[in-house]
1. Out of all the residues in segment 52-63, is one or more open to solvent by 70 Å² or more (accessible area, probe 1.4 Å), farther than 20 Å from residue 132 by Cα and modelled with pLDDT under 90?
2. From the list 37, 49, 92, which one is open to solvent by 50 Å² or more (accessible area, probe 1.4 Å) and either within 30 Å of residue 135 (Cα to Cα) or in contact with a strand residue (DSSP E or B) (Cβ under 6 Å, 6 or more places away or on another chain) (or both)?
3. Failed condition for residue 155, given (1) in contact with a Lys or Arg (Cβ under 9 Å, 6 or more places away or on another chain); (2) modelled with pLDDT under 85, with all others met?
4. Within segment 105-115, does at least one residue satisfy the condition of being of a type in the set (Lys, Arg), closer than 30 Å to residue 53 by Cα and open to solvent by less than 80 Å² (accessible area, probe 1.4 Å)?
5. Considering only residues that are open to solvent by 70 Å² or more (accessible area, probe 1.4 Å) and not in a helix (DSSP H, G or I), look in segment 69-89 and name the one that is modelled with the lowest pLDDT.
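The values are calculated or read from the model by the stated rules, or taken from the named source; none is laboratory data. Remember, it's a predicted structure, so these values are computed and weren't measured experimentally. Note that each Cβ is placed from the backbone with ideal geometry, even for glycine, and that neighbours are counted across all protein chains shown. In case anyone asks, the SASA skips ligands and DNA or RNA and just uses the protein heavy atoms, side chains included. Shrake-Rupley method; radii C 1.70, N 1.55, O 1.52, S 1.80 Å.
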Amino acid sequence: MKLFTRISATLNASAESAVSRFENHEAIADSALQTIRQNASEARVRHQRVVRDGEQIRRSIHGLNQQIEQWSSRAKASAANDESRALACLERRASCRKQLAQAEEALRQHTALEARASSNLEQMQARLEQVTLQRNQLRSRESVAKASRALNAVDGKGAAGINELFERWEVTIGESEIHNEVHASAADPLAHEFENEEKRAGLQMELEELMRGDSNDNQ
């Protein structure tokens, strides 16, 4: 039984290794990144919605505070002339205070929800940046590794054949150049004669300049 377990584990490891070698790692990483980006985008939209809801609650609280002050002022203004009207204003103020208490409690709960949404969004963004960086680093390492393998292939067994080919090519060109030079000089004796005379005239001019220089030095 133990032997069967070891054989099974070995086969599974070999299969996983083969799959790892043949799978397109970059494509899989890009797909995972796309999923994370989509999740982060959805989290950002949800966070914005939560923020807007919180702003609406805060505006409601601000409005209720204003109404409470307003009903208090109205009650004071009506108290001297119309007590029943003043009491009705106080009832409105009491209703606003009740609504204010509910809104403040809702804001406390919403603030905690908003904090969780912000934390989730930050974690999602950090994860996205981490995975993107890791993908880019591995992609760069893979590019360097492939370039190194290509360079090793050029400098390895195939390099000897290429070098030998270049050497044979150079020898062939050299032989052709020598042949062309010999053939050119042998093909036109008159040109060869002029070349020798021109070469000798040039040497004579150099000799004359050399002699004139020595004569000037002696004077």
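1. no
2. Of the residues listed, the single one that is open to solvent by 50 Å² or more (accessible area, probe 1.4 Å) and either within 30 Å of residue 135 (Cα to Cα) or in contact with a strand residue (DSSP E or B) (Cβ under 6 Å, 6 or more places away or on another chain) (or both) is 37.
3. All conditions pass for residue 155, except number (1).
4. No, every residue in segment 105-115 fails to be of a type in the set (Lys, Arg), closer than 30 Å to residue 53 by Cα and open to solvent by less than 80 Å² (accessible area, probe 1.4 Å).
5. Per the criteria, the residue is 80.
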